[in-house]
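Student: Quick one: the structure is below, questions incoming.
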Amino acid sequence: MSGPGKGKIKLGKADVYVHLRGESGATVTHLDIELDELNKIIKPGENSYVGAKSGGVFIGLKKEMIERAEKLVRGKKR
């Protein structure tokens, strides 16, 4: 994990869960990353992709998601 750095703007502190198949409506076991700010970038129903990196994961964004992300953080303290 690389932590804070130039060009990284913190959105908040997310809750991360392993959501087990058969519990609370899950049909497959998956990870839930819960942070309201994320829905300002990736709208409910949209899909993206996830890749692994040392110490965590990254979420790749499509063009329209990139535009929303950049708009969201414009003016936030770096």
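The values are calculated or read from the model by the stated rules, or taken from the named source; none is laboratory data. A quick note: this is a predicted structure, and the numbers were derived from the prediction, not measured. When we count neighbours, we look across all protein chains shown, and the Cβ atoms used for this are built from the backbone with ideal geometry, even at glycine.
Student: Looking at the range 49-78, which of its residues are over 10 Å from the mean Cα position of the chain (by Cα), assigned to a loop (DSSP other than H, G, I, E, B) and either among the polar types (S, T, N, Q) or closer than 20 Å to Gly12 by Cβ (or both)?
Tutor: Ser54, Gly55, Arg74, Gly75, Lys76, Lys77, Arg78
Student: Can you pull out every residue in the range 24-38 that is hydrophobic (A, V, I, L, M, F, W, C) and not in a loop (DSSP other than H, G, I, E, B)?
Tutor: Residues of the range 24-38 that are hydrophobic (A, V, I, L, M, F, W, C), as a first pass: 26, 28, 31, 33, 35, 38.
Within the range 24-38, Leu31, Ile33, Leu38 meet the criteria.
Student: Under 6 Å between Cβ atoms, which residue pairs at least 6 apart in sequence (or on different chains) link something in the range 1-18 that is surrounded by 11 or more Cβ atoms within 10 Å (Cβ to Cβ) with a partner that is among the hydrophobic types (A, V, I, L, M, F, W, C) and assigned to a loop (DSSP other than H, G, I, E, B)?
Tutor: Ala14/Leu35
Student: Right, here's the next one. Determine whether Lys63 is exposed (fewer than 10 other Cβ atoms within 10 Å of the Cβ) and in contact (Cβ under 8 Å) with a residue 60 or more places away in the chain.
Tutor: When the stated conditions are applied, Lys63 does not pass them.
Student: Please go through the range 19-30 and pick out each residue that is within 22 Å of Gly56 (Cα to Cα) and either among the hydrophobic types (A, V, I, L, M, F, W, C) or exposed (fewer than 11 other Cβ atoms within 10 Å of the Cβ) (or both). Can you show your working first?
Tutor: Step one: of the range 19-30, the residues within 22 Å of Gly56 (Cα to Cα) are 19-20, 28-30.
The answer is Leu20, Val28.
Student: Answer with yes or no whether Ile42 is at pLDDT 95 or above, in a loop (DSSP other than H, G, I, E, B), of a type in the set (A, V, I, L, M) and in contact with a helix residue (DSSP H, G or I) (Cβ under 7 Å, 6 or more places away or on another chain).
Tutor: Working: at pLDDT 95 or above: yes; in a loop (DSSP other than H, G, I, E, B): yes; of a type in the set (A, V, I, L, M): yes; in contact with a helix residue (DSSP H, G or I) (Cβ under 7 Å, 6 or more places away or on another chain): yes.
It is true that Ile42 is at pLDDT 95 or above, in a loop (DSSP other than H, G, I, E, B), of a type in the set (A, V, I, L, M) and in contact with a helix residue (DSSP H, G or I) (Cβ under 7 Å, 6 or more places away or on another chain).
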